[in-house]
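These notes concern the structure reproduced below.
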Amino acid sequence: MRNRDLASDYVGRAAIRLQALDVLFEHGGWADVVREAQEAVELALKGLLREHGVEPPRIHDVSEVLLAERARLPGALQPEVEALAAISRDLRRDRELAFYGAEDLTPSGFYSKHDAERARAGARRVVTAVRPHVPM
């Protein structure tokens, strides 16, 4: 599969996850919103990087790569790069905890509506920023 095909696939899948976030949010699945938001952000940013000639590493947070390769990204996206990287970094921190929890906490009891709102807004911002720069 070509990089452009993968990039388009990644961003398309990220957009679908945005819809899933709304369903999870409507049902009060705060931890699941956080987890899925992270996946949407990861896919969108990896799609963006691929589309612009950067092979993303197989890690969940590509914020450092995004910042390091910002010159390869479209000029219109430059003002957003710092914010997109921060969203990726913040959501990555919650990835496993939102899914598995920990010995002393359950994800459903730990994450709040506010956490879900923040995660969903961040995912929307990233996908909305990326979509115009990755042909579908």
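The values are calculated or read from the model by the stated rules, or taken from the named source; none is laboratory data. As the structure is a computational prediction, the values presented were derived from the model and not from experiment. All Cβ positions, glycine included, derive from the backbone under ideal geometry; neighbour counts span all protein chains shown.
Summary of values
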quantity	calculated
Residue within region 46-54 that is touching a Lys or Arg at 6+ places or on another chain (Cβ under 6 Å) and of a type in the set (D, E, K, R) present	no
Qualifying positions in region 16-29 - buried (at least 17 other Cβ atoms within 10 Å of the Cβ) and of a type in the set (A, V, I, L, M, F, W, C)	L18, L21, L24, F25
Qualifying residue in region 30-46 (condition: out of contact with any Phe, Trp or Tyr (no Cβ under 7 Å at 6 or more places or on another chain), surrounded by fewer than 24 Cβ atoms within 10 Å (Cβ to Cβ) and β-branched (V, I, T))	no
Candidates E80, E42, E36, E96 - the one that is more than 26 Å from M136 (Cβ to Cβ) and either under 12 Å from the mean Cα position of the chain (by Cα) or assigned to a helix (DSSP H, G or I) (or both)	E96
Unmet requirement for R58, which otherwise passes all of (1) under 22 Å from R93 (Cα atoms); (2) modelled with pLDDT under 95; (3) in a helix (DSSP H, G or I)	(3)
Some residue of region 99-119 being exposed (fewer than 13 other Cβ atoms within 10 Å of the Cβ), touching a Leu at 6+ places or on another chain (Cβ under 9 Å) and not in a helix (DSSP H, G or I)	yes
Any hit, region 61-74, residues being under 19 Å from R13 (Cβ atoms) and outside any helix (DSSP H, G or I)	yes
Region 47-82, residues that are surrounded by fewer than 22 Cβ atoms within 10 Å (Cβ to Cβ), in contact with an Asp or Glu (Cβ under 8 Å, 6 or more places away or on another chain) and within 26 Å of D115 (Cα to Cα)	H60, D61, L67
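Let's see how each residue does on (1) more than 18 Å from R131 (Cβ to Cβ); (2) acidic (D, E):
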residue: R17; (1), (2): no, no
residue: L21; (1), (2): no, no
residue: E39; (1), (2): no, yes
residue: L45; (1), (2): no, no
residue: L48; (1), (2): no, no
residue: P56; (1), (2): no, no
residue: E64; (1), (2): yes, yes
residue: Q78; (1), (2): no, no
residue: E82; (1), (2): yes, yes
